[in-house]
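K.L.:
Just passing along the structure, written as structure tokens.
The values are calculated or read from the model by the stated rules, or taken from the named source; none is laboratory data. Predicted, not measured: the structure shown is a model, and the values here were computed from it. All Cβ positions, glycine included, derive from the backbone under ideal geometry; neighbour counts span all protein chains shown.
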Amino acid sequence: MTDLLYSETEDDLRAAVRSLVAARGDTAALAARAEAGSPYDPRLWNSLAAEMGAAGLLVPEKLGGQGASHREAAVVLEELGRGVVAAPYLTSSVVATQALLSLDTETEAVAELLAELAEGRRTAVVAVPLSAAPDGPLPDGAGRITGVADAATADVLLVLRADGLYAVEAAQAVVEPLTPFDLTRPLAAVTAGEGGTRLADGAAGAAAVRRGLLAGAGLLASEQLGLAEWCLEETVRHTGERHQFNRPVGSFQALKHRMAQLWLEVVSARAAARAAADALATVSPEAALSVAVAQAYCSRVAVHAAEECVQLHGGIGMTWEHPAHLYLKRAKADEIALGTPGRHKEALATLVDLPAP
Amino acid sequence: MTDAAELLDLTRKLLAAHPPATTDRADFLKARFDAGLAWVHFPEGLGGLGAPRSLQAVVDAELTAAGAPDNDPRRIGIGLGMAAPTILKYGSQEVKERFLRPLWTGEEVWCQLFSEPGAGSDLAALGTRAVRDEDSGEWIVDGQKVWTSSAHVARWAILIARTDPDLPKHRGITYFVCDMTDPGVEVRPLRQITGEAEFNEVFLTGVRIPDAHRLGEVGEGWKVAQTTLNNERVAIGGMRLPREGGMIGPIARTWRERPDLRTHDLHQRLLTLWVEAEVSRLAGERLRQQLVVGQPGPEGSAMKLAFARLNQEISGLEVELRAEEGLLYDDWTMRRPELVDFTGRDAGYRYLRSKGNSIEGGTTEVLLNIVAERVLGLPAEPRNDKDVAWKDLAR
């Protein structure tokens, strides 16, 4: 049976990540770094990925990781979403790591790179657009690929070409930074050329990339959940304190109902995100279905929460100084990332036998 | 403390002493109650064993596997879900012993005399009076109640009535058990939007209630009613469903069987609702898992809100999907069903009946206020009825 609750270990992990983000996740500094084109805080990443070992949660101990699962990685992502943290966790520690884990891990090049990623010493990204859906078309790595998330800071690019999946040192590729809508997740265009280390043939490589994207989409739901939770809590706090017409604005029924409705959506999103994480962790035959349900639902909830956060904060919600805009930009970009809700519903139509006309 | 192995053993002994195949249904249910296996978390002697509530599943699974009769909780839902927990908390030992056994076995059906024509969502505004007769010590009740499910088959009712009109509305209410066979009780069917009469109006004229049938102190009825209402929401929200187990099931089947009805617009809307129904099911399952490990969350009222909206949207879409057939209705005959039968009727019936889902058991608007204030901690709206005597309120 699907376990939709959090274990004690997961609660402990959450507490650790939350206190790290609280200590280092200053959104004003984040906005300033993002505007300067490099939103990452290397010290936060080092604490999270290396010291705390979060980068290696999906990697078995014998391959140099923590031997945990998608359930724990999902909790990390909830907290990163909550703090709208800029870090290559989703791209490197989930998507690239999961792709590598889907290859033959006896291969020296695969094992070596996995161990480096697990220890947080280096980061890798799969060279596909951030918008790529798990069952959608994949780009030919022989050409220029646009919209690759976190490519500008990655050490290694995993490039899928017709004849195989290659690990290419980022220094050997052309990486052109783009201006992203979501300031906290940098995008770049990547031209990897021809070199690199071949990790698998074309078919195995494509399957591994899809497996990486599926895990990424499933756990992105947890990032969206965390983001939505922050938006709701902050909006409740603000409207409880802000006075207009000689009353706290949170006492007006028109606003209350919107926040109660949002709470209902967040409660539901938590169940959907947990179901996806658990299905991935247990390698359930329903994983694709659970991921599609979670993405079709949680994407919308995160966007709705962020939009309500801006609106119910009134004028302050429109300012650069308040962090609401960082959340709105992340939520809207996350909606498109790893397949739009509509794309995931199309996948569902096939999976649950509700065919199009 | 009673553990799972012990309960399993007791269940097997019950089955051995009363083989379901050869035992009368009512006799089996009585024996089960007397064995403490009716609701294991209730006290000994009252159908339970004081065991953890989560262990009921052990008993139920064993009984189901053996083909034992159940007490049809749908038919006696008000008694099981609302009257029983209130009686357990506020009844005297005599009252508990008198009422709980026939309530649980279904020999006696219960109804709920709460809502009135002038007091629905503002339930505490109710005006039905209960006056103490100094000679007999009995209470004499006069007033009118409405939206009363099962009143036409009920033997007993839980009733709230005003015992002091000079106090503010929440403080002058008292809670009673009312005998539905009293000559002063008149039940009239209230025909509804679907054509049937699932509810009733109940007229109370000089109804006499012994003081022993009062639950809680005089004037404390609002507090007692909260126990009933909280249990009502848990009962409505805590169901366990398989995938496509709710209203999404019939429309999904129609979609699969009738390619001629499919359009792109309907497909998009169907998929959206399918996702929402599945997510609500998962949220209900998560709530259930929380209850099992003893961490009940506030999600119970959320589930009722979600199901109400989904039932309405899904059934509305199904009427539209059926196109020309959606213009027809299965049967407008006035009937008095004992159960709400969503799946045995057609899409038009489901559409109309589900309109009640956002009204019955607390309107969506009232529940959203409760979530906002009690779960999210948002400030209450200013009120002008709190410190005013009930008799001075505008009506």
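K.L.:
Name the residue, out of A:L100, A:L158, A:L138, A:L130, that is surrounded by fewer than 23 Cβ atoms within 10 Å (Cβ to Cβ), on the phi < 0 side of the Ramachandran plot and at pLDDT 95 or above.
P.N.:
Sole residue among the options that is surrounded by fewer than 23 Cβ atoms within 10 Å (Cβ to Cβ), on the phi < 0 side of the Ramachandran plot and at pLDDT 95 or above: A:L138.
For every residue, the table says whether it meets (1) free of Cβ contacts under 8 Å to residues at least 24 places away in the same chain; (2) among the aliphatic types (A, V, I, L, M).
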{"site": "A:A288", "(1), (2)": "no, yes"}
{"site": "A:A292", "(1), (2)": "no, yes"}
{"site": "A:S299", "(1), (2)": "no, no"}
{"site": "A:A305", "(1), (2)": "no, yes"}
{"site": "A:H313", "(1), (2)": "no, no"}
{"site": "A:G317", "(1), (2)": "yes, no"}
{"site": "A:H322", "(1), (2)": "yes, no"}
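K.L.:
State yes or no: is B:G47 buried (at least 22 other Cβ atoms within 10 Å of the Cβ) and touching a residue at least 40 places away in the same chain (Cβ under 8 Å)?
P.N.:
yes
K.L.:
Under the condition of being of a type in the set (K, R) and more than 7 Å from chain A (Cβ to nearest Cβ), which residue from region B:274-298 is surrounded by the fewest Cβ atoms within 10 Å (Cβ to Cβ)?
P.N.:
B:R288
K.L.:
Return the only residue of A:A324, A:A276 being within 29 Å of A:T97 (Cα to Cα) and aliphatic (A, V, I, L, M).
P.N.:
The match here is A:A276.
K.L.:
So B:M239 passes all but one of these: (1) aliphatic (A, V, I, L, M); (2) assigned to a strand (DSSP E or B); (3) modelled with pLDDT under 95. Which condition number does it fail?
P.N.:
Only one criterion in (1) aliphatic (A, V, I, L, M); (2) assigned to a strand (DSSP E or B); (3) modelled with pLDDT under 95 is unmet by B:M239, namely (2).
K.L.:
Of the conditions (1) small (G, A, S); (2) surrounded by fewer than 18 Cβ atoms within 10 Å (Cβ to Cβ); (3) in a helix (DSSP H, G or I), B:A225 clears all except one; give me its number.
P.N.:
For B:A225, the failing item is (2).
K.L.:
B:L103: under 27 Å from B:V293 (Cβ atoms), in a helix (DSSP H, G or I) and free of Cβ contacts under 8 Å to residues at least 60 places away in the same chain, yes or no?
P.N.:
When the stated conditions are applied, B:L103 does not pass them.
K.L.:
Out of the residues in region B:52-70 that are modelled with pLDDT under 90 and assigned to a loop (DSSP other than H, G, I, E, B), state the one that is surrounded by the most Cβ atoms within 10 Å (Cβ to Cβ).
P.N.:
Only one residue tops the list, namely B:P52.
K.L.:
For A:L354, which of the numbered conditions (1) free of Cβ contacts under 8 Å to residues at least 12 places away in the same chain; (2) within 14 Å of another protein chain (Cβ to nearest Cβ); (3) not in a loop (DSSP other than H, G, I, E, B) fails to hold?
P.N.:
Just one mismatch for A:L354, condition (3).
K.L.:
Quick one: is B:G361 closer than 30 Å to B:L55 by Cα and within 12 Å of another protein chain (Cβ to nearest Cβ)?
P.N.:
no
K.L.:
Also, quick follow-up: I'd like the full set of residues that are over 30 Å from B:R288 (Cα atoms), β-branched (V, I, T) and in a helix (DSSP H, G or I), limited to region B:300-357.
P.N.:
B:V319
K.L.:
Wholly within region A:17-107, which helices (runs of 4 or more DSSP H) include no fewer than the required count, namely at least 2 residues that are over 16 Å from A:S222 (Cα atoms)?
P.N.:
The helices (runs of 4 or more DSSP H) meeting that bar are A:27-35, A:42-45, A:97-101.
K.L.:
If I filter region A:309-345 down to residues being assigned to a loop (DSSP other than H, G, I, E, B) and farther than 30 Å from A:L138 by Cβ, which single residue comes out as farthest from the other protein chains (Cβ to nearest Cβ)?
P.N.:
A:W320
K.L.:
So, of the residues in region B:255-269 that are within 10 Å of chain A (Cβ to nearest Cβ) and in contact (Cβ under 8 Å) with a residue 40 or more places away in the chain, which turns out to be farthest from B:A308 (Cα to Cα)?
P.N.:
Restricting to residues being within 10 Å of chain A (Cβ to nearest Cβ) and in contact (Cβ under 8 Å) with a residue 40 or more places away in the chain, the top hit is B:L261.
K.L.:
Still on this structure: Can you spot a residue in region B:242-254 that is closer than 21 Å to A:P357 by Cβ, surrounded by fewer than 16 Cβ atoms within 10 Å (Cβ to Cβ) and within 11 Å of chain A (Cβ to nearest Cβ)?
P.N.:
Yes, region B:242-254 contains a residue that is closer than 21 Å to A:P357 by Cβ, surrounded by fewer than 16 Cβ atoms within 10 Å (Cβ to Cβ) and within 11 Å of chain A (Cβ to nearest Cβ).
K.L.:
Any idea which of B:P117, B:P168, B:P73, B:P85 is surrounded by fewer than 17 Cβ atoms within 10 Å (Cβ to Cβ), at negative phi and under 18 Å from the mean Cα position of the chain (by Cα)?
P.N.:
Within the list B:P117, B:P168, B:P73, B:P85, the selection yields B:P73.
K.L.:
Which is within 13 Å of another protein chain (Cβ to nearest Cβ), within 25 Å of B:D265 (Cα to Cα) and in contact with a helix residue (DSSP H, G or I) (Cβ under 8 Å, 6 or more places away or on another chain), of A:A292, A:A276, A:A260, A:A271?
P.N.:
A:A292
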